[in-house]
Every structure is written in C-alpha cells, then in structure tokens.
1. Using amide H atoms built in the peptide plane, which far-off residues or other-chain residues are under 5 Å from Val438 H to H?
2. Students often forget the sequence filter, so: which lysines lie under 21 Å Cα-Cα from Lys394 once same-chain residues fewer than 8 apart are removed?
3. Give me the number: length gained by fully extending Glu398 to Asp186, i.e. 0.36 nm times residue separation minus the C-alpha to C-alpha distance, one decimal in nm.
4. What is the local net charge at Ala76, summed over the other residues whose Cβ is closer than 13 Å to its Cβ (Lys, Arg +1; Asp, Glu -1)?
5. Can you find, among Val508, Trp159, Ala246, the residue farthest towards the positive end of the dipole of the chain? Put +1 on the C-beta of Lys and Arg, -1 on that of Asp and Glu.
6. Amide H of Tyr87: which non-local residues (sequence gap of 5 or more, or other chain) have their own amide H closer than 5 Å, using H built in the peptide plane?
7. Rounded, prolate or oblate, given the Cα gyration tensor of the range 62-211, with a/c below 1.5 counting as rounded?
8. Grab the DSSP H runs of the chain that are 4 residues or longer, score each as -39,500 (n - 2.57), total them, divide by all residues and round the 222 nm result to the nearest 500 deg cm²/dmol.
Amino acid sequence: PHRPFVDDVVVPCRECAEPARRVPEVIDCWYDSGAMPFAQLGYPHRNTEEFDRSYPADFICEAIDQTRGWFYTLMAIGTLVFDRSSYRNVVCLGHILDEQGRKMSKHIGNVLEPMALMDEHGADAVRWFMLAGGSPWQSRRVGHSAIADVVRKTLLTYWNTVSFQSLYARAAGYSPATTPAPPVADRPLLDRWALSEAHRVAREVDVALEEFDTQSAGRMLATYVDDLSNWYVRRSRRRFWDGDPAALATLHECLRILTLLMAPFTPFITERVWADMFAPTSPDLPESVHLAQWPQCDEALIDDALATSMALVRRVVELGRGARAEGKVRTRQPLARALVSASGWGQLDDELRAHVAEELNVLRLDSLSGQVADELVDVVAKANFRALGQRYGKQTPEVAAAVAALDAGSLASSLRDGGSTTISVEGVGEVTLGPDDVVITETPREGWSVASDSGASVALDLTLTDELVRAGTAREVIRLVQEARKGADYDVSDRIDLWWSSDDPQLVMALVEHAGTVAQEVLATTVEQGAPASSDDEHFIVHLAEGELPIRLAIRRRAADSD
C-alpha cells in the first residue's frame, strides 16, 4: 500500500484475449529512495522553508554497489523535479575485506562484528582505522592486527604525550592561565618549530577534510603525533624536568590544536583529554571538545625555512645513528667528534647544531669537506657493465678499462649528487659517465664509521680516550639509577639521596669525575661514596648491578621538606 502507483494496466485473459481484470503496476522501489529528500518532509504541502534550507545535501555517502540505485535515483528524480541534483558531492565507499583480501561475507564466515572489535581495541581505534587507514573510496583489509597497530603507533603515543605534559605541568605548578611564558618569537627554535608544524597541520588537515580525504588528514595527524612525541618532547626532556614555562606552554598549545583536529577521528579519547587538560583552564572554553571551535591556522607562525632546517637536522641525526650502529658503538658512549657534509649544513643555526651533537652524543661537530672525506674512506670505482653495455656494446671493455684507470676518489666526487664527467677512450672517443655507469664502493678506514645518503654524509671518530670511556661509564650508572627510581615507583620530581660503592678503580674514577652530572640527571641532592649508615628507612632500596658494571647502588627518597 505504501508503493506509488501508475495508471491501471488491463491484463487480457490467456484463453479468450478478453479483458479479465485490472492490476495496479508498482514503480521500482528505488523511486522511494530518490524521492526521499522532499518526501520525508512532506514537501511541497508542508515544511517548505526547511526543505529550501536543506536541499541539496552537501554529500551522500554509500558503498560502490549503490551507484546504479541510490546515487542514480537521487540525482535523476532531483533533476527531473527541481532541475538540480539532490546532492553536491558523492563519497563512494569501498568494500570491507578480511585480512586475506576477501570481501567479508556471511556465506564465507569471515565477517568481523564491529562491537567485538570495539570491545577489544576501543571504539576510537576502530574509527581511526576506518577513517585514516585508507581513502574512503578504496576497499580495505580489516583485522585485529591492523587495528592494534593503530593503537600502538598513534593513539597510545598521543595519550602518552598528553600524560607527559600533565605530569610535568603538575610537578611544576604550571597553569596556562596564570604561568607567564615568553612570546613565541623569543622561545627556542625547537618550540617555534613545534608550533609552526602544529599550525601547518591545522591548515593541511582542514584542506584534506574539505576534499573528504580522511586518509591524508589521518596520515598528517599521525606524523605530527610522532614528531611531537619522538622529537620535540624527547629533545626537550631536560627543560620539562626543570619546569621551563616556554616548553610547557608550547606543548600545551600544540596538544590543544592536535586534540581539536583529532576530535572527529577519535571522539572519546579527545573528549577525555579536553575535559581533563583544557576545559578547566579557561571559563571561555566549552566543556566538550565537540562544542569547541575548529582550530584556525595562524599563517604568521608557519616557518618554512625552519621546517627545512629541522628536516636537515633530523636527516643528519639519522645518518649519525646509522654510523654508530655500523661502528657498533653504544649510544651512551660519548665520541670526540662527528664530521658532517650536507647541503645547507654551513648555514644551520648553532642552536640546531647543538641538537645534532646531543643526539649523536659527540663533543664536537666539524664540516666534512671533500678532501677530508677522501681521507676517511677507501674508494673503489668499477664500470657498470650492464649500463655501459647497452650503449657501447663490444667496446664496453675499453670503456671499463678507462674507468678503472681513473682516480676513484675524484670520480666519486664528480658523480656525487647526480653529477657527470666526460673521459676520452681510445678507439671509442668521448664518453660521458653518469652515476648509473659506475659502481662506487666506499670503505671507512680504521677508526672511523661513515654513513652517506643522497648527498649527505656523517663520519664518526671512533677513537675512545680514557676520558671518553669514563664519561660513557658515568652514563651507564645514570641508567641504572633511573631504573632503580622507576622500580621504586618514585615520582619524576622526587629528589633522592644516592650512595655507591665499587672495587673497580676505573669506575670509581668515572663517578668521582662526573659526580655532578650524575646528580643532575637523577635528581640526587647528595651523592656519596660508600654504604649508607642505616637501611631501616622504609623508602630505602639497594640495587646491585649485575653484568658489565660492578657497582652497588643505594637510593632513598628525600622527604618533601628536606633541604
């Protein structure tokens, strides 16, 4: 009865061809669907103003198998009746596949129930995966392992960064409304970079979402979450330990922008963060993140030159870490110097160079000139027979012999960064060599570890003096004390008394020499050699290091009112 009818159709009798009865013809049920935009409101008989406000819709969202039905009938009927389609955009969704790439089907038995996924991983994790795990119009594989990666790589990193800010803000008594912080222009370059990237992400995410590209938006947000946690926070830890208002204000603002941007993707975790960290700080802020204004990008804070410089810093650090790994040197072991060669390195600010030195744990940074580089590696150049053979055929051996006769170091320098060189080969003539025509092998000389990539190089001096070894030993002791603090469940701001004893003369010398550094890093008010006078205190903990450091440690939490 609810189906619309057309004129009755006369059905003739099969035997005599006389009209026998009249049967109503039913229009295809998709007519109902196509009429939905106006029929649901009773237009044109009522709700005229509401219809005028809502027609056409901004977008329609359905799977690809609705193209012929839902998408078409809405467009056809809307155009026939109102001379315009009933929607402005179509978000055509791909199908959901299992982890083996098969379309989920009850017949196959590979359907994952959404509620079960949410119960195990959380609604936000499932929502983030569906929005950011691929473009909406692409089919995607859904499984427990894929969603678990979302939780581990993005959501937990975001939550841990929020927890870090909350912890140190509480320890320092920081309040964004009452704690003065220097203007952004007067803050360290690392702070300005973090804020610049936050506003850049706000701009780019807004553009992506306007295009319904949730995958690109999610990728940008995930990248910034990682940058904020594994670069900005890690490089600024000491400042947070000291309660630096500039660092606390910077991270607070970055997390505010990030929380607002993530709210459409992860509505529950961001609501909790907003209610705990942001809403209480100002009466002007709404109680819910979903009632807050979408963040506005401040173009004045976006610094493209700083972004380029920071990208260079991180690239050099990555190469330096690779060189350390190749040289089998522990990260905690200081080295005397690192030599760096990279485009733009000479113009890099000293403040940014300091980050490189600290990350690579080297005492000094120098430029790696071409002549110095040649002294650090043995270079061998051989012809690439496959590449040259395509051009010179039977004359390839003559060209290869000419390549072998060249100075390998000079040839490598000429071909670096996509360059070329021309040589004269008897019987062949002028031959132009490019990077693909020659196989260059560089072997670091003893005492050095060199890493190169795309025109950038980092060389580490692996020579360890007694002073460097003692500095490395002190850092290993710091690690042991920090582990003892963590095992004792001390708060990050708790001050301690530290006692140590060892029969190793080199270790004793290292701790005597670096006692101040150890005390600063572990928040020790006193550092004493020997055993404590008493071990009756309930907070007293003894730690005996087993392994390469023969040392006995004792720590005790100091009372809050102790000097």
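The values are calculated or read from the model by the stated rules, or taken from the named source; none is laboratory data. As the structure is a computational prediction, the values presented were derived from the model and not from experiment. Cβ coordinates were reconstructed from backbone atoms using ideal geometry, including for glycine residues, and neighbour counts include every protein chain displayed. Just so you know, the surface numbers come from the protein's heavy atoms only, side chains and all, with ligands and any DNA or RNA stripped out. Shrake-Rupley method; radii C 1.70, N 1.55, O 1.52, S 1.80 Å.
1. Residues meeting the criterion, in which the H sits 1.01 Å from N, are Asn384.
2. The reachable lysines, counting only those whose Cα sits under 21 Å from Lys394, are Lys382.
3. So the chain would gain 70.0 nm between Glu398 and Asp186.
4. On the way: positive: Arg68, Arg84; negative: Asp28, Asp83.
Residues near Ala76 contribute 0 overall.
5. Positive-most Cα among the choices belongs to Trp159.
6. Hits under the 5 Å cutoff: Ala57.
7. Verdict is oblate for the range 62-211.
8. It lands at -13500 deg cm²/dmol.
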